[in-house]
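One structure is given below, encoded as structure tokens.
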Amino acid sequence: RLSRRSPEGFETFYKDVRSGLLLQTYALTGDLHASEKAVRDAMVVAWHHWRKVSRLDDSEEYVRPLAWTRALRRSSARWWSRMKGLDPDVSATLDALAKLPVGQRRILLLSHLTALPLEQIAREAGVTRPVAERDLQSATAQFAVHRGVESYGIRSALDSLRPQVDEVRWPRPSIITRAGSARRRSHTAFGVAAAVAA
């Protein structure tokens, strides 16, 4: 049986989760380019710490916050409004998402684009369960109004972003693991230098 901790285990993980993570970060920021770089960087960090990450029940829960934080930091405001020829459905979905406060947007996306129960959504969003529940209700109502859909149509509105995500060409797993190994080496070297200096 293939060990999850092996390079092959990482390769499988990378191929399994990258598109889903990209869809989430793109919906969060509206900036496909920033989201793509953020997911790639988060995967490099995951390989750097793969011995630890591979032992987690759900390794994606380690990678997602990294990708989301990096994407938010990198993204340009309303980037999609400058895109020529963007599908009107995509534009309308991103516009409706952009009108939500980031915390509520995060909870809405975790609720619709992951299989996490509300308890874990609250934990990942850094809020209590009652706050997560309230934010989810508020985000659902607001998004439905801004996007002009019923609440049961939210998932298919988010799915309108998929075709763009599916067009992204990903670096080979070996490129990610090389970058992660180089990161590990530089961190080790820095740690040794810091210890010597101390």
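The values are calculated or read from the model by the stated rules, or taken from the named source; none is laboratory data. Small disclaimer: the values here were computed from a predicted structure and weren't measured. Every residue, glycine among them, receives a Cβ derived from its backbone with ideal geometry; neighbour counts consider all protein chains shown. When the accessible area is computed, the model is the full protein with side chains, heavy atoms only, and any ligands, DNA or RNA have been set aside. Shrake-Rupley method; radii C 1.70, N 1.55, O 1.52, S 1.80 Å.
Starting from the stretch 137-151, keep only residues that are under 17 Å from Val102 (Cβ atoms), then list their pairs with residues that are outside any helix (DSSP H, G or I) and open to solvent by 60 Å² or more (accessible area, probe 1.4 Å) whose Cβ atoms are within a distance under 6 Å, requiring at least 6 positions of separation or different chains.
His146/Lys99
Kindly indicate which of Arg5, Arg1, Arg78, Arg18 is farther than 30 Å from Arg134 by Cβ, at pLDDT below 90 and in contact with a helix residue (DSSP H, G or I) (Cβ under 7 Å, 6 or more places away or on another chain).
Being farther than 30 Å from Arg134 by Cβ, at pLDDT below 90 and in contact with a helix residue (DSSP H, G or I) (Cβ under 7 Å, 6 or more places away or on another chain) holds for just one of Arg5, Arg1, Arg78, Arg18, which is Arg5.
Show me the helices (runs of 4 or more DSSP H) found entirely inside the stretch 6-116 where at least 3 residues are crowded, with 21+ Cβ neighbours inside 10 Å and not charged (D, E, K, R).
Fully inside the stretch 6-116 and qualifying: 7-29, 32-48, 60-74, 88-98, 102-113.
Let me spell it out: the conditions are (1) open to solvent by less than 40 Å² (accessible area, probe 1.4 Å); (2) modelled with pLDDT of 95 or more; (3) within 16 Å of the chain's Cα centre (by Cα), and Gln120 meets all of them except one. Which number is the exception?
If we test Gln120 against (1) open to solvent by less than 40 Å² (accessible area, probe 1.4 Å); (2) modelled with pLDDT of 95 or more; (3) within 16 Å of the chain's Cα centre (by Cα), just (1) comes out false.
When you scan the stretch 137-164, how many residues do you find that are loosely packed, with under 13 Cβ neighbours inside 10 Å, among the polar types (S, T, N, Q) and assigned to a loop (DSSP other than H, G, I, E, B)?
0
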